[in-house]
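Read through the structure below, which is laid out as C-alpha coordinates, and then see the notes.
The values are calculated or read from the model by the stated rules, or taken from the named source; none is laboratory data. The structure displayed is predicted, hence computed values, not measured ones. Note: ideal-geometry Cβ built from the backbone for every residue, glycine included; neighbour counts use all protein chains shown. Protein only, heavy atoms only, side chains kept; ligands, DNA and RNA dropped before computing areas. Shrake-Rupley method; radii C 1.70, N 1.55, O 1.52, S 1.80 Å.
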Amino acid sequence: MSAMKTHPSALPPHALQRRSLLAWPLVLALPAVAQTPVGSLAVIGKDNYLFAGWGNAATPDWAGIEATVARVADVRRRLAAKGILLVVPVLPDKMSIYADMLPEGVVHTPEMRTRYARTLEKMRAAGIPTFDDEAPLRALRSAGQPVYYRTDQHWAQPAADATAQATADLIRGLVPQLAGDPGTGLALGSLSNERRYGDLADRFLSPEQRKAVGRETFTVRRMVEADSLLGEVRAPVHVTGNSMVQPYFGFPQKLSNLLDRRVSVNWKPGDVGFWSVLMEYLESDSFRKQPPQVLVWQLFEPNFHLGPDARGLWDGAALISDADWNRRLQAALAV
(Lines give C-alpha, C1' and ligand atoms only; values in the text may rest on other atoms or scores of the structure.)
Protein backbone atom coordinates (compact mmCIF):
# COMPACT_ATOMS: atom_id res chain seq x y z
CA MET A 1 0.00 0.00 0.00
CA SER A 2 1.27 3.44 -0.77
CA ALA A 3 1.86 5.99 1.97
CA MET A 4 -1.23 7.15 3.78
CA LYS A 5 -2.97 10.17 2.36
CA THR A 6 -2.89 12.96 4.90
CA HIS A 7 -4.37 15.59 2.64
CA PRO A 8 -8.14 15.97 2.19
CA SER A 9 -8.25 15.32 -1.54
CA ALA A 10 -8.11 11.57 -2.10
CA LEU A 11 -9.02 8.21 -0.63
CA PRO A 12 -6.26 5.84 0.41
CA PRO A 13 -6.02 2.93 -2.08
CA HIS A 14 -6.32 0.14 0.51
CA ALA A 15 -9.52 -1.29 1.99
CA LEU A 16 -8.19 -0.38 5.44
CA GLN A 17 -10.56 2.25 6.81
CA ARG A 18 -7.96 4.99 7.17
CA ARG A 19 -9.24 8.49 6.75
CA SER A 20 -7.44 11.59 5.66
CA LEU A 21 -8.96 14.65 7.22
CA LEU A 22 -12.19 14.80 5.30
CA ALA A 23 -15.65 15.62 6.55
CA TRP A 24 -16.83 12.03 6.10
CA PRO A 25 -20.44 11.13 6.79
CA LEU A 26 -21.24 10.09 10.33
CA VAL A 27 -20.75 6.41 11.14
CA LEU A 28 -22.36 5.34 14.37
CA ALA A 29 -20.39 3.82 17.25
CA LEU A 30 -23.02 1.34 18.32
CA PRO A 31 -22.15 -2.00 19.93
CA ALA A 32 -23.19 -5.34 18.55
CA VAL A 33 -25.92 -5.68 21.17
CA ALA A 34 -27.78 -3.01 19.19
CA GLN A 35 -29.60 -5.88 17.49
CA THR A 36 -31.88 -6.23 20.53
CA PRO A 37 -35.41 -4.78 20.28
CA VAL A 38 -35.83 -1.10 19.49
CA GLY A 39 -36.33 1.06 22.57
CA SER A 40 -34.48 -1.19 25.01
CA LEU A 41 -31.02 0.35 24.67
CA ALA A 42 -31.72 4.06 24.94
CA VAL A 43 -32.34 5.52 28.40
CA ILE A 44 -34.59 8.58 28.20
CA GLY A 45 -33.63 11.11 30.83
CA LYS A 46 -34.75 14.56 31.88
CA ASP A 47 -35.37 17.14 29.15
CA ASN A 48 -35.25 14.27 26.65
CA TYR A 49 -31.56 13.58 27.15
CA LEU A 50 -30.71 10.12 25.84
CA PHE A 51 -28.10 7.76 27.23
CA ALA A 52 -26.75 4.46 26.00
CA GLY A 53 -28.15 1.64 28.10
CA TRP A 54 -24.96 -0.43 28.12
CA GLY A 55 -21.58 -0.20 29.79
CA ASN A 56 -22.82 1.21 33.10
CA ALA A 57 -23.23 -1.41 35.78
CA ALA A 58 -23.54 -0.47 39.43
CA THR A 59 -19.97 -1.60 40.13
CA PRO A 60 -16.92 -0.97 37.90
CA ASP A 61 -15.25 -4.04 36.43
CA TRP A 62 -11.89 -3.42 38.10
CA ALA A 63 -10.41 -6.72 36.92
CA GLY A 64 -11.27 -5.83 33.34
CA ILE A 65 -9.93 -2.29 33.77
CA GLU A 66 -6.65 -3.56 35.20
CA ALA A 67 -6.31 -6.07 32.34
CA THR A 68 -6.78 -3.25 29.81
CA VAL A 69 -4.20 -1.09 31.60
CA ALA A 70 -1.70 -3.98 31.46
CA ARG A 71 -2.28 -4.53 27.73
CA VAL A 72 -2.02 -0.81 26.93
CA ALA A 73 1.20 -0.57 28.97
CA ASP A 74 2.60 -3.48 26.94
CA VAL A 75 1.74 -1.66 23.70
CA ARG A 76 3.43 1.48 25.04
CA ARG A 77 6.64 -0.42 25.86
CA ARG A 78 6.77 -2.11 22.47
CA LEU A 79 6.16 1.18 20.63
CA ALA A 80 8.79 2.95 22.75
CA ALA A 81 11.32 0.30 21.71
CA LYS A 82 10.68 1.42 18.12
CA GLY A 83 11.02 5.10 19.04
CA ILE A 84 7.27 5.82 18.94
CA LEU A 85 5.48 7.67 21.74
CA LEU A 86 2.03 6.38 22.71
CA VAL A 87 -0.47 8.92 24.07
CA VAL A 88 -3.80 7.59 25.37
CA PRO A 89 -6.72 10.01 25.88
CA VAL A 90 -9.64 8.37 27.69
CA LEU A 91 -12.99 10.03 27.02
CA PRO A 92 -15.32 10.15 30.06
CA ASP A 93 -18.77 8.62 30.05
CA LYS A 94 -21.70 10.81 29.00
CA MET A 95 -23.62 9.55 32.04
CA SER A 96 -21.03 11.02 34.40
CA ILE A 97 -20.94 14.42 32.67
CA TYR A 98 -24.74 14.65 32.51
CA ALA A 99 -25.60 12.71 35.68
CA ASP A 100 -28.17 15.36 36.59
CA MET A 101 -30.07 14.54 33.38
CA LEU A 102 -30.52 10.85 34.18
CA PRO A 103 -34.11 9.72 34.80
CA GLU A 104 -35.57 9.99 38.28
CA GLY A 105 -34.32 7.09 40.37
CA VAL A 106 -31.31 6.39 38.12
CA VAL A 107 -28.04 7.50 39.68
CA HIS A 108 -24.36 6.78 39.37
CA THR A 109 -23.17 4.82 42.38
CA PRO A 110 -20.26 6.30 44.37
CA GLU A 111 -17.93 3.70 42.83
CA MET A 112 -19.04 4.56 39.32
CA ARG A 113 -18.48 8.24 40.01
CA THR A 114 -14.84 7.50 40.82
CA ARG A 115 -14.27 5.01 37.98
CA TYR A 116 -12.72 7.55 35.61
CA ALA A 117 -10.27 9.05 38.12
CA ARG A 118 -9.21 5.64 39.43
CA THR A 119 -8.69 4.35 35.89
CA LEU A 120 -6.36 7.28 35.17
CA GLU A 121 -4.47 6.56 38.39
CA LYS A 122 -3.88 2.98 37.25
CA MET A 123 -2.74 4.14 33.82
CA ARG A 124 -0.28 6.65 35.25
CA ALA A 125 1.08 4.08 37.68
CA ALA A 126 1.75 1.85 34.65
CA GLY A 127 3.65 4.63 32.89
CA ILE A 128 1.01 5.31 30.22
CA PRO A 129 0.97 8.95 29.01
CA THR A 130 -2.57 10.23 29.49
CA PHE A 131 -4.44 13.20 30.98
CA ASP A 132 -7.62 14.06 32.85
CA ASP A 133 -10.18 14.76 30.12
CA GLU A 134 -13.09 14.87 32.55
CA ALA A 135 -12.06 18.17 34.15
CA PRO A 136 -12.04 20.30 30.96
CA LEU A 137 -15.26 18.71 29.74
CA ARG A 138 -17.00 19.43 33.04
CA ALA A 139 -15.70 23.00 32.82
CA LEU A 140 -17.23 23.31 29.35
CA ARG A 141 -20.59 22.20 30.63
CA SER A 142 -20.38 24.59 33.58
CA ALA A 143 -19.75 27.38 31.06
CA GLY A 144 -22.88 26.45 29.13
CA GLN A 145 -21.11 24.66 26.28
CA PRO A 146 -22.31 21.30 24.94
CA VAL A 147 -20.15 18.28 25.71
CA TYR A 148 -22.18 15.38 24.34
CA TYR A 149 -25.17 15.77 22.04
CA ARG A 150 -28.55 15.42 23.72
CA THR A 151 -29.84 12.52 21.58
CA ASP A 152 -26.50 11.05 20.54
CA GLN A 153 -23.57 9.25 22.18
CA HIS A 154 -20.98 11.38 20.42
CA TRP A 155 -19.25 14.50 21.67
CA ALA A 156 -19.93 18.03 20.45
CA GLN A 157 -17.37 20.29 18.80
CA PRO A 158 -16.30 22.14 22.01
CA ALA A 159 -15.49 18.82 23.71
CA ALA A 160 -13.52 17.55 20.71
CA ASP A 161 -11.60 20.84 20.61
CA ALA A 162 -10.85 20.79 24.35
CA THR A 163 -9.60 17.21 24.17
CA ALA A 164 -7.48 18.03 21.13
CA GLN A 165 -5.95 20.92 23.11
CA ALA A 166 -5.11 18.66 26.06
CA THR A 167 -3.69 16.03 23.70
CA ALA A 168 -1.53 18.62 21.92
CA ASP A 169 -0.29 19.99 25.26
CA LEU A 170 0.74 16.50 26.38
CA ILE A 171 2.50 15.76 23.09
CA ARG A 172 4.40 19.05 23.19
CA GLY A 173 5.50 18.34 26.75
CA LEU A 174 6.81 14.89 25.85
CA VAL A 175 8.23 15.57 22.37
CA PRO A 176 10.47 18.66 22.31
CA GLN A 177 10.98 18.46 18.55
CA LEU A 178 8.05 17.16 16.52
CA ALA A 179 8.99 15.81 13.11
CA GLY A 180 7.49 17.21 9.93
CA ASP A 181 7.43 20.70 8.51
CA PRO A 182 5.92 23.74 10.25
CA GLY A 183 3.06 25.17 8.26
CA THR A 184 1.57 21.78 7.36
CA GLY A 185 -1.13 21.78 10.04
CA LEU A 186 -4.71 22.05 8.85
CA ALA A 187 -6.49 25.39 8.85
CA LEU A 188 -9.84 25.32 10.67
CA GLY A 189 -12.88 25.87 8.51
CA SER A 190 -16.09 27.69 9.31
CA LEU A 191 -18.80 26.10 11.42
CA SER A 192 -21.95 24.73 9.83
CA ASN A 193 -25.16 23.39 11.33
CA GLU A 194 -27.34 20.44 10.42
CA ARG A 195 -30.52 19.44 12.19
CA ARG A 196 -31.28 15.74 12.60
CA TYR A 197 -31.91 12.96 15.08
CA GLY A 198 -28.94 11.70 17.08
CA ASP A 199 -27.86 8.08 16.80
CA LEU A 200 -29.59 6.96 20.01
CA ALA A 201 -32.91 8.49 18.91
CA ASP A 202 -32.61 7.26 15.34
CA ARG A 203 -31.63 3.70 16.19
CA PHE A 204 -33.33 2.86 19.45
CA LEU A 205 -36.53 4.86 19.88
CA SER A 206 -39.99 4.07 18.55
CA PRO A 207 -41.40 6.56 16.03
CA GLU A 208 -43.57 8.05 18.77
CA GLN A 209 -40.64 8.40 21.18
CA ARG A 210 -38.46 9.86 18.45
CA LYS A 211 -41.07 12.49 17.62
CA ALA A 212 -41.37 13.44 21.29
CA VAL A 213 -37.60 13.71 21.77
CA GLY A 214 -37.15 15.71 18.58
CA ARG A 215 -34.20 16.55 16.37
CA GLU A 216 -31.21 18.57 17.48
CA THR A 217 -28.62 20.76 15.81
CA PHE A 218 -25.19 19.29 15.10
CA THR A 219 -22.46 21.91 14.65
CA VAL A 220 -19.41 20.77 12.69
CA ARG A 221 -16.52 22.44 10.88
CA ARG A 222 -16.27 22.56 7.12
CA MET A 223 -13.00 21.55 5.51
CA VAL A 224 -10.79 24.25 4.01
CA GLU A 225 -10.43 23.47 0.32
CA ALA A 226 -6.98 25.05 0.15
CA ASP A 227 -5.61 22.20 2.25
CA SER A 228 -5.97 19.88 -0.72
CA LEU A 229 -3.27 21.90 -2.49
CA LEU A 230 -0.62 20.75 -0.04
CA GLY A 231 -0.57 17.36 -1.67
CA GLU A 232 0.81 14.33 0.12
CA VAL A 233 2.52 15.39 3.34
CA ARG A 234 3.90 12.92 5.85
CA ALA A 235 2.12 12.94 9.21
CA PRO A 236 4.31 12.61 12.34
CA VAL A 237 1.18 12.04 14.45
CA HIS A 238 -1.40 9.31 13.91
CA VAL A 239 -4.78 9.00 15.68
CA THR A 240 -6.58 5.68 16.08
CA GLY A 241 -9.87 5.08 17.85
CA ASN A 242 -13.63 4.82 17.54
CA SER A 243 -16.04 7.13 15.76
CA MET A 244 -15.42 9.92 18.27
CA VAL A 245 -12.20 10.69 16.35
CA GLN A 246 -13.69 10.56 12.88
CA PRO A 247 -13.16 13.89 11.10
CA TYR A 248 -16.90 14.64 11.21
CA PHE A 249 -16.53 15.65 14.87
CA GLY A 250 -13.36 17.66 14.28
CA PHE A 251 -10.83 16.14 16.70
CA PRO A 252 -8.05 15.28 14.21
CA GLN A 253 -8.36 18.61 12.37
CA LYS A 254 -8.07 20.56 15.62
CA LEU A 255 -5.11 18.47 16.76
CA SER A 256 -3.38 19.07 13.42
CA ASN A 257 -4.04 22.80 13.68
CA LEU A 258 -2.68 23.01 17.23
CA LEU A 259 0.46 20.99 16.49
CA ASP A 260 0.99 22.69 13.11
CA ARG A 261 1.65 19.27 11.59
CA ARG A 262 -0.31 16.79 9.54
CA VAL A 263 -2.28 14.22 11.53
CA SER A 264 -3.45 10.96 9.99
CA VAL A 265 -6.31 8.89 11.38
CA ASN A 266 -7.92 5.47 11.21
CA TRP A 267 -11.16 4.69 12.99
CA LYS A 268 -14.05 2.27 13.07
CA PRO A 269 -17.49 2.26 14.72
CA GLY A 270 -17.43 1.44 18.40
CA ASP A 271 -18.77 -2.09 17.96
CA VAL A 272 -15.50 -3.01 16.26
CA GLY A 273 -13.57 -2.31 19.45
CA PHE A 274 -10.46 -0.27 20.08
CA TRP A 275 -8.20 -3.36 20.08
CA SER A 276 -9.08 -4.35 16.54
CA VAL A 277 -8.78 -0.78 15.25
CA LEU A 278 -5.29 -0.41 16.69
CA MET A 279 -4.18 -3.80 15.38
CA GLU A 280 -5.49 -2.94 11.93
CA TYR A 281 -3.23 0.09 11.86
CA LEU A 282 -0.17 -1.65 13.31
CA GLU A 283 -0.44 -4.38 10.67
CA SER A 284 -0.91 -1.93 7.80
CA ASP A 285 1.63 -1.12 5.11
CA SER A 286 1.41 2.54 6.09
CA PHE A 287 2.63 1.84 9.61
CA ARG A 288 5.42 -0.42 8.40
CA LYS A 289 6.64 2.02 5.76
CA GLN A 290 6.07 5.32 7.58
CA PRO A 291 5.63 4.80 11.33
CA PRO A 292 4.56 7.94 13.19
CA GLN A 293 6.57 9.72 15.82
CA VAL A 294 3.48 9.86 18.05
CA LEU A 295 0.54 7.46 18.13
CA VAL A 296 -2.64 8.76 19.80
CA TRP A 297 -4.88 5.84 20.85
CA GLN A 298 -8.30 7.15 21.90
CA LEU A 299 -10.17 5.03 24.46
CA PHE A 300 -13.62 5.43 26.02
CA GLU A 301 -14.54 4.99 29.69
CA PRO A 302 -17.75 2.93 29.23
CA ASN A 303 -15.99 0.10 27.35
CA PHE A 304 -12.46 0.50 28.73
CA HIS A 305 -12.83 -2.74 30.71
CA LEU A 306 -13.52 -4.90 27.66
CA GLY A 307 -10.72 -7.07 26.35
CA PRO A 308 -9.97 -7.97 22.72
CA ASP A 309 -12.11 -11.11 23.00
CA ALA A 310 -15.28 -9.61 24.56
CA ARG A 311 -17.77 -11.91 22.85
CA GLY A 312 -21.26 -10.55 22.41
CA LEU A 313 -20.01 -6.99 22.84
CA TRP A 314 -17.55 -6.49 19.96
CA ASP A 315 -18.49 -7.36 16.39
CA GLY A 316 -17.68 -11.01 15.74
CA ALA A 317 -15.14 -10.30 13.02
CA ALA A 318 -13.27 -7.92 15.36
CA LEU A 319 -12.75 -10.42 18.18
CA ILE A 320 -9.13 -11.29 18.95
CA SER A 321 -8.18 -14.05 21.37
CA ASP A 322 -5.53 -13.35 24.00
CA ALA A 323 -3.09 -15.65 22.24
CA ASP A 324 -3.70 -14.02 18.85
CA TRP A 325 -3.42 -10.53 20.34
CA ASN A 326 -0.02 -11.28 21.83
CA ARG A 327 1.21 -13.02 18.69
CA ARG A 328 0.07 -10.31 16.29
CA LEU A 329 1.27 -7.48 18.52
CA GLN A 330 4.71 -9.04 18.82
CA ALA A 331 4.91 -9.50 15.05
CA ALA A 332 3.67 -5.99 14.25
CA LEU A 333 6.06 -4.30 16.71
CA ALA A 334 9.09 -6.52 16.37
CA VAL A 335 12.28 -4.47 16.72
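Loop-located GluC sites (Glu not before Pro) in region 37-136 (DSSP state other than H, G, I, E, B) with a sparse environment of at most 11 neighbouring Cβ atoms within 10 Å: E104.
Extension gain for A80-D47 works out to 7.2 nm (0.36 nm per residue, less the C-alpha to C-alpha distance). Residues of region 205-222 with amide nitrogen under 14 Å from the 7 Å Cα-to-Cβ point of E194? Under cut-off, by backbone N: 216-222.
Of A52, A201, A317, the residue with the greatest mean-square motion in the GNM of the chain, using alpha carbon springs below 10 Å, is A317. Bridges between two residues of the chain, per DSSP, are antiparallel at a rate of about 45%. Consider a paramagnetic label point 7 Å from the Cα of A126 along Cα→Cβ; state which residues of region 81-108 have an amide N under 19 Å from it. Label zone hits: 81-82, 84-93. Per atom type, the chain shows carbon and sulfur on 52% of its accessible surface, probed at 1.4 Å. To the nearest ten degrees, helix 62-81 and the longest principal axis of the Cα atoms of the chain are 20 degrees apart.
Seen through its C-alpha gyration tensor, with square-root eigenvalues sorted a ≥ b ≥ c, region 46-89 comes out oblate because a/c lies at 1.5 or above while a/b is not bigger than b/c. Per residue, the chain exposes 40 Å² of solvent-accessible protein surface, assessed with a 1.4 angstrom probe and all protein chains in place. GNM remark for the chain: springs join alpha carbons under 10 Å apart, and the peak mean-square fluctuation among N266, N257, N193 falls on N193.
Using a probe of 1.4 Å, the accessible surface attributed to I128 totals some 10 Å² when neighbouring protein chains are kept in position.
In the calculated pair distance distribution of the chain, what percentage of Cα-Cα distances lie above 24 Å? The share of Cα pairs beyond 24 Å in the chain comes to 54 percent. Here each label is just a point 7 Å from Cα along the line to Cβ, and for R215 and D324 those points are 4.2 nm apart.
Where only DSSP H runs of four or more residues are counted, the chain gives -9500 deg cm²/dmol as its mean residue ellipticity at 222 nm, each run worth -39500 (n - 2.57).
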